[in-house]
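**Q** Pasting a structure below so you can have a look.
The values are calculated or read from the model by the stated rules, or taken from the named source; none is laboratory data. Please read these numbers as outputs of a predicted model, since none were measured by experiment. Cβ placement follows ideal geometry from the backbone for every residue including glycine, while neighbour counts extend to all protein chains displayed. We work out accessible area using only protein heavy atoms, side chains counted, and drop any ligands, DNA or RNA first. Shrake-Rupley method; radii C 1.70, N 1.55, O 1.52, S 1.80 Å.
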Amino acid sequence: MSGLVFDFSLRLLAAGAMGVCIGLEREYRAKEAGYRTHFLVALGSALLMIVSQYGFEDVLQDGVVRLDPSRIAAQVVSGIGFIGAGTIILQKQIIRGLTTAAGIWATSGIGLAIGAGMYGIGVIATILVLLGLEALGYFFKSLGLRNMSIEFSSTEREELRKVSTKFTEEGFVILLYEMKESRTYDNRPLFHVSMLVKARKLNEEALLLLFLHEFPGVTVNQIS
């Protein structure tokens, strides 16, 4: 009995450690779910897998009752979708959190694998998840487009027109353009613009420098 307790405890610790490894990467990226969430997902999945495999042995001893040891594991796979859905955010027509949701789903699979005693495949899967999150983004960062939300303001309407022209010249695709007008403290018109653009993977610092150098009369309120 003590041997089983040690083995089960080792499985829980290993699953939790794998979850922390993935969660730390998400924490470093300032994502919605960090190391604590991934730790709990992996640990809980491993625990449920252990219960699914070994929690009903006393019922099965007489040979009359038959149970499928994969039944709880299957419910974990579908149930983890609720947690993943909680990390997906739709903000100004931009969907965020899909990668984190997929990471949580993969973490639950790793927990199930280690909970079943498949340590090797669990560790390999963890390494592959980390490679997918970090290495793929590094090697393929020049490929594909991303949506960016930009908010800025200016007292000069002509400056706003120049910004739109510059974005088009730089290869940005403007998906959404909204402008609202308010008044400054000295009763001058102040124009607020919200733009949704599609562009090559460009970091926010580079875009902010573009504004500072090209349009000193424009105030950037948010880039995300």
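Quick grid of which residues meet (1) within 14 Å of Ser149 (Cα to Cα); (2) more than 24 Å from the chain's Cα centre (by Cα); (3) at pLDDT 70 or above:
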{"position": "Lys166", "(1), (2), (3)": "no, yes, yes"}
{"position": "Phe172", "(1), (2), (3)": "yes, yes, yes"}
{"position": "Glu178", "(1), (2), (3)": "yes, yes, yes"}
{"position": "Glu181", "(1), (2), (3)": "no, yes, yes"}
{"position": "His192", "(1), (2), (3)": "yes, yes, yes"}
{"position": "Met195", "(1), (2), (3)": "yes, no, yes"}
{"position": "Val220", "(1), (2), (3)": "yes, yes, yes"}
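**Q** Which number in (1) of a type in the set (A, V, I, L, M, F, W, C); (2) at pLDDT 75 or above; (3) in contact with a Gly (Cβ under 8 Å, 6 or more places away or on another chain) marks the one condition that Ile89 misses?
**A** It is condition (2) that Ile89 fails.
**Q** Suppose we keep only residues that are charged (D, E, K, R) and modelled with pLDDT under 80 within region 135-155. Which one would you say is most open to solvent (accessible area, probe 1.4 Å)?
**A** Lys141
**Q** Do we find a residue being at pLDDT 70 or above, farther than 30 Å from Ile150 by Cα, in contact with a Phe, Trp or Tyr (Cβ under 6 Å, 6 or more places away or on another chain) and open to solvent by less than 70 Å² (accessible area, probe 1.4 Å) anywhere in region 43-50? Full working, then the answer.
**A** So in region 43-50, the residues at pLDDT 70 or above come out as 43-50.
This time we only want the ones that are farther than 30 Å from Ile150 by Cα, so: 43-50.
In the following step, the residues that additionally are in contact with a Phe, Trp or Tyr (Cβ under 6 Å, 6 or more places away or on another chain) were identified as 50.
When the remaining residues are screened for being open to solvent by less than 70 Å² (accessible area, probe 1.4 Å), the result is 50.
Yes: one or more hits.
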